[in-house]
Amino acid sequence: MSPRLKKVFLIMTVVVPFILYCVYYYGMMIKNAPYRFVDFQSLSFEYGHKDSLLNKYDSHTGMFQYLDRKDSLVKEHIRLTKDDLLYLHRKAADLGFWDFPSNEIGDTTAAASKKAVRYVIQFKYKEKTKRVIFDSDYFGDPKLVDANQRLIAEIQKKLTDVENREKK
């Protein structure tokens, strides 16, 4: 067998089947991905003290309520665009939101719970819903805490941007 024929044989028996397997495997993974933006329905974000989550946003209804600096409850109707929702969906995917545990609850003693803020983030899809409860005093993996804080900051920033955009 000539050296050229050996190379062709090697490519045909090893490389081509490997590439075909990769295309099949990853194609199925992408097709059956549990959290696809195509199936996205709504985003719900709530936060406040553990006993009362007064600050809320629901992308399905567009209702946004929050406590302002004077401790008065403000209710507004703001809509996130499809691009805004896609950005938050991708940011959640980048930060590994789908792998977060559902309950990341911190210290439950009365003294600690008064200071801590609880966040509830929910991404709703056609067939699945991912809901995470995160307390600001959660003592878990520092990378997980950082990822939660970054996602919360992104959601709050996006809501502030949309609110300012609609006021203009």
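The values are calculated or read from the model by the stated rules, or taken from the named source; none is laboratory data. Being a predicted model, the structure only gives us computed values, none of them experimental. Heads up, the Cβs are rebuilt from the backbone with ideal geometry, glycines too, and the neighbour counts pull from every protein chain shown.
Descriptive notes on the structure:
- Per-region count, region 49-61, residues over 24 Å from Tyr35 (Cβ atoms), under 19 Å from the mean Cα position of the chain (by Cα) and small (Gly, Ala, Ser): 0
- Consider region 113-149 and keep the residues that are of a type in the set (D, E, K, R) and surrounded by 13 or more Cβ atoms within 10 Å (Cβ to Cβ). The one that is farthest from Ser102 (Cα to Cα) is Asp137.
- Within region 118-148, being of a type in the set (Phe, Trp, Tyr), farther than 19 Å from Asp51 by Cβ and touching a helix residue (DSSP H, G or I) at 6+ places or on another chain (Cβ under 6 Å) holds for one residue alone: Tyr125.
- Hey, Tyr87 surrounded by fewer than 16 Cβ atoms within 10 Å (Cβ to Cβ) and modelled with pLDDT of 90 or more or not: yes
- Members of region 62-103 that are within 21 Å of the chain's Cα centre (by Cα), in a loop (DSSP other than H, G, I, E, B) and of a type in the set (Gly, Ala, Ser): Gly62, Gly96, Ser102
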